[in-house]
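Below is one structure, written out as structure tokens; comments come after it.
Just so it is clear, none of the values below were taken in a lab; they were calculated from the coordinates. Predicted model only: the values in this text are computed from it and were never measured. For neighbour counting, all protein chains shown are included, and Cβ atoms are generated from backbone atoms with ideal geometry for every residue, glycine included.
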Amino acid sequence: MTYCVGLLLDAGVVTLSDTRTNAGVDNISTFGKTFLVENGGERALVLNTAGNLAVTQAVWNLLQEGVVLDGQVQTLQQVPSMFRAAQLVGAAVRAVFEADGPTLRAQGLGFDVSILLGGQIGEQPPRLFLIYAAGNFIEATAETPFLQIGEHKYGKPILDRVLNPATPLADGVTLALISMDSTLRSNLTVGLPIDLTVIRRDALAHTLRRRIDEGDPYFAFLRQRWSESLREAYQALPRPDWLG
């Protein structure tokens, strides 16, 4: 399994993904699930993937070669907007399903894929999408400025309570890391290292790309301090007076 989260902030886009793949308790591997597209100060995109590894890799490779959209073959380097980029990713997902779906069904396997797509193209504002296995998608909004795929339930509460579009990028990174830490602690199918990507608004480049492992000083500090803060907050709460 996996966990990926994307934040759409006024200041830009933050995404975070783990790297663990699990085909059984004795077959655990590390594969990157973050893919980047950049084009000379004209666009910066990031994709995070979850689901069947063969399917997600096929989608990414097809996107690099080109996918038919609006009657012509296009890539993520060419589409004119983030909306078109989401449509292109959806078209790639459907193309892979048409090629591999029947064989997967014959083997009793589902077509499992979901993709976060975030970034900015030209002078248009940054946007963040979640593309489903059917190739359709939804978009992050001011009311819901984050999207998740994979094992999302453990890392959602902190984002629900704290995150809003005005959250600064640095705070967004911290919240994404806390969200990931909560998932790492509660689900063994999600594991380090994790890949962090930051795209600052109007930079049209990947402002930060960082792989974080167990030896990362800040992440180690954050995990310890967050646990301590939770314990301190719990201990400071008054006990119910109706207990007697």
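Things to note:
- Amide H contacts under 5 Å for residue 69, placed H, 5+ residues apart: 74
- Relative to the longest principal axis of the Cα atoms of the chain, the long axis of helix 53-65 lies at roughly 50 degrees.
- When the P(r) is computed for the stretch 3-233, the part past 28 Å accounts for 29% of the Cα-Cα pairs.
- Three principal axis lengths of the stretch 99-210 [C-alpha, angstrom, descending]: 48, 37, 28
- Surrounding net charge for residue 217, when Lys and Arg each add one and Asp and Glu each subtract one, Cβ distance under 13 Å: 0
- With helices as the sole contributors, the chain gives -11500 deg cm²/dmol at 222 nm; each DSSP H run of n ≥ 4 counts as -39500 (n - 2.57), and the sum is divided by every residue.
- Of the GluC sites (Glu not before Pro) found in the stretch 120-171, those in coil by DSSP whose Cβ has at most 16 other Cβ atoms within 10 Å are 123, 143.
- Close amide H pairs (under 5 Å, H built 1.01 Å from N) link residue 191 with 19, 20, residues at least 5 positions away or on another chain.
- Test item: Cα-centred dipole of the chain, Lys/Arg +1 and Asp/Glu -1 on Cβ, debye: 220
- Residue order for 154, 234, fewest other beta carbons within 10 angstrom first, comes to 234, 154.
- Cα coordinate range in the stretch 43-144, projected on the principal axes (Å, largest first): 46, 33, 19
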